[in-house]
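Bear in mind that the values in this text are calculations on the coordinates, not laboratory data. Predicted model, so just to flag it, every value in this text is computed and none were measured. Don't worry about glycine lacking a Cβ; one is built from the backbone with ideal geometry, like all the others, and counts go over all protein chains shown.
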Amino acid sequence: MPIFVGDVEITDNAVFNEMQYHPAPSMEAARNAAAQALVVRELLRQEARRQKRKIGDEDARLMGLIEEAVCVPAATTEICRHYYEQNEARFRASNMPDQVVPFDAVEDKIRDYLQTRSMREGIRSYVLSLAEQTRIAGFDISAAL
């Protein structure tokens, strides 16, 4: 069944071709991941066109769009320490389960994790806001994200 994002059709063949980039435990899961990727890309393409973005190749335009739309606050030392204290069980030494890894040894990893998680959530929210403004048929993007 084809998918429509606005007036743009994403064919079954396009989804099947995209599936190779989305290994999954089942064909259905791979198909859903491929369809999600194509729908998200088309939403971003349409928004880039709406904003008349012309600088760079398509990937650069789409990345620029995301970078402008998604603001990720910095994970300060205070925020990282709070996460560390709330999730202390995650920071047990593998060779000595009674011992907690010191905060200083994991602060950078926590910061990276929190930044990545925040970026993913920001992108997800942005894509969902684009989806709310666009008619999508044949695929439920809100269930996929």
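Treat the count of other C-beta atoms within 10 Å as a stand-in for reagent exposure and order Thr76, Thr134 from fewest to most. Walk me through the intermediate numbers first.
Working: Thr76 11, Thr134 17.
Fewest-to-most ranking of Thr76, Thr134: Thr76, Thr134.
Which residue, Glu107, Glu18, Glu78, tops the fluctuation ranking in a GNM of the chain built on C-alpha contacts under 10 Å?
Evaluated over the chain, the most mobile residue of the options is Glu78.
For the charge dipole of the stretch 1-143, defined by +1 on Lys and Arg C-beta atoms and -1 on Asp and Glu C-beta atoms about the Cα centroid, which residue among Gln46, Ala137, Gly64 has the Cα displaced farthest towards the positive pole?
Ranked along the dipole, the leading option is Gln46.
For the charge dipole of the chain, defined by +1 on Lys and Arg C-beta atoms and -1 on Asp and Glu C-beta atoms about the Cα centroid, which residue among Ala30, Val101, Gln86 has the Cα displaced farthest towards the positive pole?
Ala30
Could you give the size of the charge dipole of the stretch 1-102 about its Cα centre, using +1 on the Cβ of each K and R and -1 on the Cβ of each D and E, expressed in debye and rounded to the nearest 20?
Taking the Cα centre of the stretch 1-102 as origin, the dipole is about 240 debye.
Could you give the nm distance between label points at Glu28 and Ala143, where each point is 7 Å from its Cα heading toward the beta carbon?
Label-label distance for Glu28 and Ala143, simple model: 1.0 nm.
Considering the Cα positions of the stretch 3-144, please state its Rg to one decimal place and its Dmax as a whole number of Å.
Answer for the stretch 3-144, Rg first and Dmax second: 19.7, 59 Å.
Express in nm, to one decimal, how much length is gained between Met63 and Glu78 on full extension, taking 0.36 nm for each residue of separation and deducting their alpha carbon distance.
Separation in residues times 0.36 nm, less the Cα-Cα distance, equals 2.4 nm.
Of Val100, Val127, Val40, which is the most mobile in a GNM of the chain whose springs link Cα atoms less than 10 angstrom apart?
Val100
Could you work out how much longer the chain between Lys52 and Phe16 gets when fully extended? Use 0.36 nm per residue separation minus the Cα distance between them, nm to one decimal.
This chain segment gains 9.9 nm when fully extended.
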